[in-house]
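Some notes on the structure that comes next.
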Amino acid sequence: MLLDLSFEELTEYVVSLGEQKFRAKQLYEALTMGKTLEEISNLPKSFKEKIEKDYPKYEAVVHLKSKDGTQKVALRFPDGSIVESVLLKYKYGYTVCVSTQVGCRMGCKFCASTLNGLIRNLSAGEILAQILFYNKILGATLKERQVTNVVLMGCGEPLDNYENVSKFLRLVSAPDGINISPRNISLSTCGLVSKIYDLANDGFSVTLTISLHAPNDELRKTIMPVANAYKIEDILKACDYYFEKTGRRVYFEYSLISGVNDTDKTIEELARLLKGRQCHVNLIPLNSVKEKNLLGATRKRAYYLAEKLEKLGVSATVRRTMGEDIEGACGQLRNRVGEKDE
Ligand code: SAH
């Protein structure tokens, strides 16, 4: 579909249809504004007929608004795949949390996205569409974009879909497109080591966030199957390399699961592991997922542990939880294809 194409590729496409080059600019602008084919007024009917089969088609099948201002949308693509994305409102602007896969195959014990395994990868344009959707409803224009930040923290493991995700990173930061700077993009991964090196070598200086959730491999293996494939030690080496290449401080996500990874002893071990690194730890009490038998730590405990980490020399904060009432909070996004809502 056309959202997968850069401006240069779109120009080639337009020329290959026997159309004039300037049509590419009009088309690119319409795509960037999230217009439907019917909403485009400056393209002739004959041209629209030629591009109809390639024009992006997605519709919002669910659109929920939380009492804290967070919104969640489920977009359906023509093959019936449904992806969820979340809009978060901060003081400085809007952030969209995008999904990178339909489902996920990483199998983390606490996460809803992985309940039905991986259905398929999203294309670069399908990831981009999630941002364009929100820009459009927020009334963005080509000059004034509403969404300023993106986090790849929805359904899926971004580095398990590297080709499409890296293409997405190029599209979203294209100056003639929605032009979101890599500095305003966070990519969260459970730690696929070789892909972290690829990301660094390919020159993407996004903020890298590692879902760590445990200070040692033994404990990590009990909650994250990916820990059987990659050691923490090797993840940290890859993070060092990423820092060297990009100068960007690495973030660690640590979801606090009551009685599992939130004891004082475990957090002290985490401090020993991370002390002296250019990094920051985001603590977040686990959000409940009804199919999972795990409980989040209290926020009080989270604040206590953040303070403890700081005292032990590791920069840490407690992440705000947003959109919990619409199941839009971290780890609550799920693939609902074929599933009936209760
Ligand atoms: N696959 C990527 C993106 C996943 S979602 C990754 O693993 O990083 C973003 C974050 O939410 C990850 O840190 C993930 O571990 C965390 N998460 C998943 N389920 C959660 C839950 N129920 N409560 C809190 N955080 C959760």
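The values are calculated or read from the model by the stated rules, or taken from the named source; none is laboratory data. Computed from a predicted structure; not experimentally measured. Cβ placement follows ideal geometry from the backbone for every residue including glycine, while neighbour counts extend to all protein chains displayed. Note: areas computed on protein heavy atoms with side chains; ligands, DNA, RNA excluded. Shrake-Rupley method; radii C 1.70, N 1.55, O 1.52, S 1.80 Å.
Looking at segment 81-147, the accessible area is 37 square angstrom per residue; that uses a 1.4 Å probe and ignores ligands, DNA and RNA.
With a sphere of radius 12 Å drawn around the Cβ of Val260, what net charge do the other residues whose Cβ falls strictly inside it have (Lys, Arg +1; Asp, Glu -1)? Numbers along the way, then the final one.
Working: positive: Lys109, Arg220, Lys292; negative: Asp262.
Summing Lys and Arg as +1 and Asp and Glu as -1 gives +2.
As a calculated quantity, the FRET efficiency between Glu324 and Lys21 at R0 = 41 Å, using C-beta atoms, amounts to about 0.25. Fully extending the segment from Ser258 to Asp198, taken as 0.36 nm per residue of separation minus the present Cα-Cα distance, adds 18.1 nm. Taking Cβ separations below 4.7 Å as the criterion for a possible disulfide partner, the isolated cysteines in the chain are Cys97, Cys104, Cys155, Cys190, Cys239, Cys279, Cys330.
The packing ranking of peptides 17-30, 93-106, highest mean first, is 93-106, 17-30, where packing means the average number of other beta carbon atoms within 10 angstrom of each residue.
Take each of the peptides 272-278, 120-126, average the number of other beta-carbon atoms within 10 Å over its residues, and list them starting from the highest. Can you show the working numbers first?
Values: 272-278: 14.9, 120-126: 21.4.
Listed from highest to lowest mean packing, they are 120-126, 272-278.
Asn228 to Lys275: extension gain in nm, 0.36 nm per residue of separation minus the Cα-Cα distance? Write down the numbers at each step before the final one.
Numbers: separation 47, 0.36 × 47 = 16.92 nm, distance 2.43 nm.
14.5 nm is the gain from fully extending Asn228 to Lys275.
For segment 1-57, the residue among Ser16, Leu43, Thr32 whose Cα projects farthest onto the positive side of the dipole built from Cβ charges is Leu43.
Only helices enter the 222 nm calculation for the chain: every DSSP H run of n ≥ 4 contributes -39,500 (n - 2.57), and dividing by all residues gives -9500 deg cm²/dmol, rounded to 500. With each label modelled as a point 7 angstrom along the Cα→C-beta vector, the Glu291-Lys265 pair spans 3.3 nm.
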